[in-house]
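**Q** One structure, pasted below without further comment.
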Amino acid sequence: MTLVALQKIRDAVQQRPGEIEEEKRKGKIIVGWVGYLIPEEIIHALGLIPVRLGRGGDERLVELGARYISSQNCAFIRACMGMFAENTDPYIRGADAVAFDNACMQVYRLGEVSKYYCKKKTLFLGVPRDPASPSAQKYFRHEVEHFTQKLEDLAGKKVEPEELTGSIGLYQNIRAAICELYHFLDIGESPLNWKEVGEVVHAGYYLDKTNYFSLLQELLSEIRSLPVITAPNSNEVRIILSGSLIAPGDVKLSDLIEHVNGNIVSDDLWSGLNPSLNMHIDNPTIMGIADAYMNRIPHYTLPCLDKDNDIRFEHLKAAVLKTKAQGVIYHTIRYCDSATLKTTGLKNRLRKEGIPLLEIHTEYSGSDVEAIRTRVEAFFEILKFKDNPEVRV
Amino acid sequence: MSTEYPAFRYPDEIKSLLMETDDLVFTDGTRVTPEQIWHFMTVTGPKRFPFAFSTNPAFGHQLSRDVTLISGIRTTYLNMTGIDRLRKFVRNGTPLVVVQGGITSDLYRAAGCIPVGPMFIRGWIMNTTEGREYNNANLAGAALLEEARQNLSFECCNLIANIGLLKTRNLPIAAIAPCLCSRCSDMAFAVEAYRSESEKIPSYIVDYPSNYEWGEWRVEFLKEELHSLAERLEKISGKEVTDADLTAEIKLENKARALSRECEQIWWSGKVPPTNSGDGGTAHLGLMGAFDFPVGNQILQETRDELQTRVRNGVKGYGLVDDPSRLFICGSCVIPNPNFVDKKGGVLVGSDDAWSCICMDVKESGDPYENLAEAYASLPYERSTEERAMWTIEQVKASRSDGVVFMYNWGCNYQSAVAGMITDIIKEETGLPTITIEVGELTRMESLEQSQNRVESFIEMLRK
């Protein structure tokens, strides 16, 4: 049975394109964005409407996008370019400006190419490759300051400290609520599965933030009020999803894992939990926001050379231990080199910790579903029996 | 069925022309006489590197048949003996540092290091066995590519994949320290992949402020990154980098860049192309200095003088048709097979990749780090794609190109992404025809028919 609050969220998402159109008629400015480090709080504080853009899972958009960008770009980037080219997605069509950050260099290219062909007003936010270095922190502060000026030009006003403080508080609350949703998954007490939690997270891309937070609160209250599930399915395999993003609309892998009795108990995805973690805006200023974004879990498209200080790896390892996951499924999208080139190293490092990893390399076509199913099933068989001395694996 | 092609030989008649040239004088005082060069190019070289003398038409790096272009022969000598100089550096304890194109070698060399590109890794391994014939070299190269990809990812581009060989091979590399620039997205991940499982070679990434617009803080950031690079290189080489050292190196390399620009301008000014495609272009020599800038500059001066004479006398490069179709190449790391282009009625007049660095001027007074940072931040190839396209148009016009080929490697997410956009801008602004070609043949010597077929069709279209 669908939770009442979940249904409300779904209904709100359905109605949102109409609301956006209405807001535009009233003179509101819509800022679409793609990235990981776009400081949405600043957009919100200026009275602009932020909407996170991009969808996955549609092969047709991938093909369309490749006509503008390249068939060598990752399927998500191609699909996004397809969306820009087609211009039927209500959020892209409605966006008065689009912002891209350079954490993923292919996203930067997407920004350049969509700007040229689709003539949208486009903003870029520079991102350093090594967030830990002191010069990088300073550089990023300047980038965010510059980005803010561009947003202020767009809004026709300056960021007011009170509004910024309010927006920061609202976003902190949203992140905390999402963390709590994931916590229920972690401890096996969630009436929602991972896919549904993802749906709730993705709803936040589009909805009015105050309304979204209110709906999240309703959802959490409803979950808290439900009786605790006491008998977990002993046949299921507990999995953490890692790797390339799984964008709204891309359900191939999660559906398949579910069908073969897998339970995704958490993720460390750009499109999932990660944006809600490790964000502590101590100082409610533009600089404070810049520092907090720089100090969050580094995006997987940023290389890490310091093995002793690999926050992303430590976070994934900790998540496996915390959730008692039996393994990691590492999802890599075709031509997402930032994820695919990490695979061997990550697999070997996790193996040393006793954590098995299966890489699933795929794109948005349906042609590889059965091949993936076979691989996932085999992986689950191994995980189920790996501690059984009577079974050779 | 295999076909044996006869090995190329320099005709004895040209020996006297070579004998009229000066000794090559290297930084360590070594002198190489024209007699020694002749002996190498006709006796030692063919024994050590038989594949390099192959006349197999598929071979993209065939020696030029323009045997009266003496500076061309001397350049080839420098290229072929580069491995010997690198071995000497290793013996003498001079650190070799893996870099990538995009920024120049000034700082690395001022710090007492020798920068080498990813292709060096493969080249070093290939050269551990001398006497390879064409087919043997071809198969050995393919096997190395496979090994490299296994170590990294099958989606890595052929060039950057070479970094993967460091996981399984022992090579005399003291550090991996590339600047990321905006040209390539795989290098960072390749270094990370190496680092995630090995600590044999220290690795460091020089960050680059990829962004759409100019900003003072971006130059400042790059300057700090260069300072940080200098500190790391100092630890590797044990040599302190003083401002005076760096300025001296900038002056030396500025001279190389200026000479290379001069050569190109003279080449472009000719009513007919003064050399064929294989001999054209000095950007790599101006950029890397054949691992020894003073001797590189000596050759660049000779090239400039010889080009001037040819242009003055209306000499056309050997092997070119009358009025060949002039092709400007965009992209990175790859160009069409020069011999093939010439045979089909074209000629390569330039490429944007290394040329971007050659066009860079570094100020010689003031803070050398700031000067380098300002120059690097303004590199046209690394700027926003729209700016890069406008700069490319200037080069296309200056070189009187008839068409533009944007070529990139399979697995290159980053150049491929803007290939269509750049060629569309060029088409719109110049009206010239353009073509985008994806190739998978870098480091390969066979199965090139598909890309050659496309190049040929493009040239045919231009010549109609």
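**Q** For segment B:1-26, how many residues are modelled with pLDDT of 95 or more, assigned to a loop (DSSP other than H, G, I, E, B) and of a type in the set (S, T, N, Q)?
**A** Qualifying residue count for the region: 1.
**Q** Still on this structure, I have one more. May I ask you to list the residues in segment A:1-36 that are surrounded by 21 or more Cβ atoms within 10 Å (Cβ to Cβ) and not in a helix (DSSP H, G or I)?
**A** Within segment A:1-36, A:Ile30, A:Val31, A:Gly32, A:Trp33, A:Val34, A:Gly35, A:Tyr36 qualify.
**Q** Within the bounds of segment B:365-372, is there any residue that is aliphatic (A, V, I, L, M) and under 20 Å from the mean Cα position of the chain (by Cα)?
**A** No, segment B:365-372 contains no residue that is aliphatic (A, V, I, L, M) and under 20 Å from the mean Cα position of the chain (by Cα).
**Q** If you don't mind, there's one more thing I want to ask. Just checking, does segment A:41-48 include any residue being touching a residue at least 24 places away in the same chain (Cβ under 8 Å), more than 20 Å from A:Ser276 (Cβ to Cβ) and surrounded by fewer than 23 Cβ atoms within 10 Å (Cβ to Cβ)?
**A** Within segment A:41-48 (the criterion being touching a residue at least 24 places away in the same chain (Cβ under 8 Å), more than 20 Å from A:Ser276 (Cβ to Cβ) and surrounded by fewer than 23 Cβ atoms within 10 Å (Cβ to Cβ)), the answer is yes, since at least one residue qualifies.
Here is a yes/no grid of residues against (1) in a strand (DSSP E or B); (2) at pLDDT 95 or above:
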| site | (1), (2) |
| --- | --- |
| B:Val321 | no, yes |
| B:Arg326 | yes, yes |
| B:Cys330 | yes, yes |
| B:Phe340 | no, no |
| B:Val349 | yes, yes |
| B:Ala354 | no, no |
| B:Val362 | no, yes |
| B:Ser365 | no, yes |
| B:Asn371 | no, yes |
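**Q** Out of segment B:188-200, which residues are of a type outside the set (S, T, N, Q) and more than 9 Å from chain A (Cβ to nearest Cβ)?
**A** Within segment B:188-200, just B:Lys200 meets the criteria.
**Q** A further question on this structure: Can you pull out the helices (runs of 4 or more DSSP H) entirely within segment A:334-393 that have at least 2 residues that are loosely packed, with under 14 Cβ neighbours inside 10 Å?
**A** A:343-352, A:369-385
**Q** Are there any pairs, at least 6 apart or on different chains, whose C-beta atoms fall under 8 Å, with the first in segment A:58-77 and at the interface with another protein chain (Cβ under 9 Å from one of its Cβ atoms) and the second among the aromatic types (Phe, Trp, Tyr), and if so, which?
**A** A:Tyr68/A:Phe84; A:Tyr68/A:Tyr117; A:Gln72/A:Tyr335; A:Gln72/B:Tyr408; A:Gln72/B:Trp410; A:Asn73/A:Tyr335; A:Cys74/A:Tyr335
**Q** Identify, from the list B:Ser105, B:Ser203, B:Ser185, the residue that is of a type in the set (Ser, Thr, Tyr) and more than 14 Å from chain A (Cβ to nearest Cβ).
**A** Result: B:Ser105 is the single residue among B:Ser105, B:Ser203, B:Ser185 that is of a type in the set (Ser, Thr, Tyr) and more than 14 Å from chain A (Cβ to nearest Cβ).
**Q** When you look at B:Tyr414, is it of a type in the set (Phe, Trp, Tyr) and under 20 Å from the mean Cα position of the chain (by Cα), yes or no?
**A** For B:Tyr414, the condition - of a type in the set (Phe, Trp, Tyr) and under 20 Å from the mean Cα position of the chain (by Cα) - is met.
**Q** Sticking with this structure for a sec: State whether one or more residues within segment B:391-402 are buried (at least 17 other Cβ atoms within 10 Å of the Cβ), of a type in the set (A, V, I, L, M), out of contact with any Lys or Arg (no Cβ under 7 Å at 6 or more places or on another chain) and in contact (Cβ under 8 Å) with a residue 40 or more places away in the chain.
**A** Looking through segment B:391-402, at least one residue is buried (at least 17 other Cβ atoms within 10 Å of the Cβ), of a type in the set (A, V, I, L, M), out of contact with any Lys or Arg (no Cβ under 7 Å at 6 or more places or on another chain) and in contact (Cβ under 8 Å) with a residue 40 or more places away in the chain.
**Q** Would you mind telling me which numbered condition in (1) over 30 Å from B:Val349 (Cα atoms); (2) away from chain A (no Cβ under 14 Å); (3) in a helix (DSSP H, G or I); (4) free of Cβ contacts under 8 Å to residues at least 60 places away in the same chain B:Glu240 fails?
**A** (3)
**Q** What single numbered condition from (1) more than 26 Å from A:Leu48 (Cβ to Cβ); (2) more than 7 Å from chain B (Cβ to nearest Cβ); (3) of a type in the set (Lys, Arg) fails to hold for A:Lys115?
**A** (1)
**Q** Would you check which residues across segment B:104-145 are among the hydrophobic types (A, V, I, L, M, F, W, C) and under 26 Å from B:Asp292 (Cα atoms) and list them?
**A** B:Leu107, B:Ala110, B:Ala111, B:Cys113, B:Ile114, B:Val116, B:Met119, B:Phe120, B:Ile121, B:Trp124, B:Ile125, B:Met126
**Q** Has segment B:263-276 got at least one residue that is among the charged types (D, E, K, R), buried (at least 18 other Cβ atoms within 10 Å of the Cβ) and modelled with pLDDT of 95 or more?
**A** For segment B:263-276, residues among the charged types (D, E, K, R), buried (at least 18 other Cβ atoms within 10 Å of the Cβ) and modelled with pLDDT of 95 or more: present.
**Q** With (1) without any contact (Cβ under 8 Å) to a residue 60 or more places away in the chain; (2) of a type in the set (Lys, Arg); (3) touching a Gly at 6+ places or on another chain (Cβ under 6 Å) as the list, and B:Arg195 as the residue in question, which single condition is left unmet?
**A** (3)
**Q** Could you grab me the full set of residues in segment A:329-356 that are facing another protein chain (nearest Cβ under 8 Å), closer than 21 Å to A:Leu383 by Cα and charged (D, E, K, R)?
**A** A:Arg349
**Q** If we keep just the residues of segment A:124-144 that are touching a residue at least 60 places away in the same chain (Cβ under 8 Å) and hydrophobic (A, V, I, L, M, F, W, C), which is surrounded by the most Cβ atoms within 10 Å (Cβ to Cβ)?
**A** Ranking the candidates gives A:Val127 first.
**Q** Does segment A:211-243 hold any residues that are among the hydroxyl-bearing types (Ser, Thr, Tyr), touching a residue at least 12 places away in the same chain (Cβ under 8 Å) and surrounded by fewer than 13 Cβ atoms within 10 Å (Cβ to Cβ), and which are they?
**A** If the condition is that a residue be among the hydroxyl-bearing types (Ser, Thr, Tyr), touching a residue at least 12 places away in the same chain (Cβ under 8 Å) and surrounded by fewer than 13 Cβ atoms within 10 Å (Cβ to Cβ), then A:Ser221 is the only one that fits.
**Q** Considering only segment B:160-237, give the helices (runs of 4 or more DSSP H) lying wholly within it that have at least 1 residues that are small (Gly, Ala, Ser), touching a helix residue (DSSP H, G or I) at 6+ places or on another chain (Cβ under 9 Å) and surrounded by fewer than 21 Cβ atoms within 10 Å (Cβ to Cβ).
**A** The qualifying helices (runs of 4 or more DSSP H) are B:216-237.
**Q** Say we look at segment B:167-182 and pick out the residues that are under 19 Å from the mean Cα position of the chain (by Cα) and more than 9 Å from chain A (Cβ to nearest Cβ); which of these is nearest to B:Tyr381 (Cα to Cα)?
**A** B:Cys181
**Q** In the list A:Leu154, A:Leu181, A:Leu185, which residue meets the criterion of being at pLDDT below 95, out of contact with any Pro (no Cβ under 7 Å at 6 or more places or on another chain) and part of a helix (DSSP H, G or I)?
**A** Criteria check complete, one pass: A:Leu185.
**Q** Quick check on my filter: what residues within segment B:209-219 are closer than 15 Å to B:Asn371 by Cα and more than 8 Å from chain A (Cβ to nearest Cβ)?
**A** Of everything in segment B:209-219, those that are closer than 15 Å to B:Asn371 by Cα and more than 8 Å from chain A (Cβ to nearest Cβ) turn out to be B:Glu216, B:Val219.
**Q** Count, please, the residues in segment B:52-82 that happen to be in contact with a Leu (Cβ under 6 Å, 6 or more places away or on another chain) and in a loop (DSSP other than H, G, I, E, B).
**A** 1
**Q** Next up: For A:Thr148, are the conditions met, namely being of a type in the set (Ser, Thr, Tyr), within 14 Å of chain B (Cβ to nearest Cβ) and in contact (Cβ under 8 Å) with a residue 24 or more places away in the chain?
**A** yes
**Q** Also, I was wondering about something else. What residue, of B:Arg388, B:Arg454, is among the basic types (Lys, Arg), without any contact (Cβ under 8 Å) to a residue 60 or more places away in the chain and within 30 Å of B:Leu144 (Cα to Cα)?
**A** B:Arg454
**Q** I'd like to verify a number: residues in segment A:80-112 that are among the acidic types (Asp, Glu), surrounded by fewer than 23 Cβ atoms within 10 Å (Cβ to Cβ) and not in a helix (DSSP H, G or I), how many?
**A** 2
The values are calculated or read from the model by the stated rules, or taken from the named source; none is laboratory data. Bear in mind that the values here come from a model prediction, so they are computed numbers and not experimental data. As a convention, Cβ positions derive from the backbone with ideal geometry for all residues, glycine included, and neighbour counts pool all protein chains shown.
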